[in-house]
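Okay, structure first, notes after.
Readers should treat all values here as calculations from the given coordinates under stated rules, not as data from a laboratory. Small disclaimer: the values here were computed from a predicted structure and weren't measured. Neighbour counts are summed over all protein chains in view; Cβ atoms, including those assigned to glycine, are modelled from backbone coordinates with ideal geometry.
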């Protein structure tokens, strides 16, 4: 079974009720849960998400997000891939080669992880994933 990669935007939209994409994100997450597709994210994505939630929605909300992540990992619903030196170097190559794109370095690490796990679908709203050939859902972010 193929993993679905969860990007920062997907996590934030699910956790922050005032996010304009909250309802779309929750609905899509429920569909993913029903299908049983395993989720994957990276420690860099989690760092980005913890930070954004902390600054935009408060410390308590960031702690609640960590609990959600920990529970998902514990029950086998989510795999967190840790960025190694090797993955970091592969991401750096993408970052250098795609100077015409506005990819963040974290985006590039996500592309490397998604390719490593043969991910076809990404749960998020960053069009960079579509540029790199991944299916981006939910539509209309």
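Taking the Cα centroid of region 12-37 and of region 69-133, what is the distance between the two, rounded to the nearest whole Å?
19 Å
Summarise the long-distance tail of P(r) for region 88-138 by giving the % of C-alpha pairs beyond 16 Å.
Cα-Cα pairs of region 88-138 separated by over 16 Å account for 32 percent.
Listed highest first by mean packing, meaning other Cβ atoms within 10 Å per residue, what order do 45-51, 110-116 come in?
110-116, 45-51
Kindly provide the helix-only [θ] at 222 nm of the chain, computed as the sum of -39,500 (n - 2.57) over DSSP H runs of four or more divided by all residues, to the nearest 500 deg cm²/dmol?
Value at 222 nm, helices only: -18000 deg cm²/dmol.
Given a Förster distance of 22 angstrom, what is the FRET efficiency for residue 27 paired with residue 77, based on the Cβ-Cβ distance and rounded to 0.05?
Using R0 = 22 Å, I get an efficiency of 0.80.
If you split all Cα-Cα distances of region 1-82 into 5 Å bins from zero, what percentages do you get per bin, shortest first?
3, 16, 26, 28, 19, 7, 1, 0
Classify the chain as rounded, prolate or oblate from the Cα gyration tensor: take a ≥ b ≥ c as the square roots of its eigenvalues, call it rounded if a/c is under 1.5, otherwise prolate when a/b beats b/c and oblate if not.
Judged from the Cα gyration tensor, the chain comes out rounded (a/c under 1.5).
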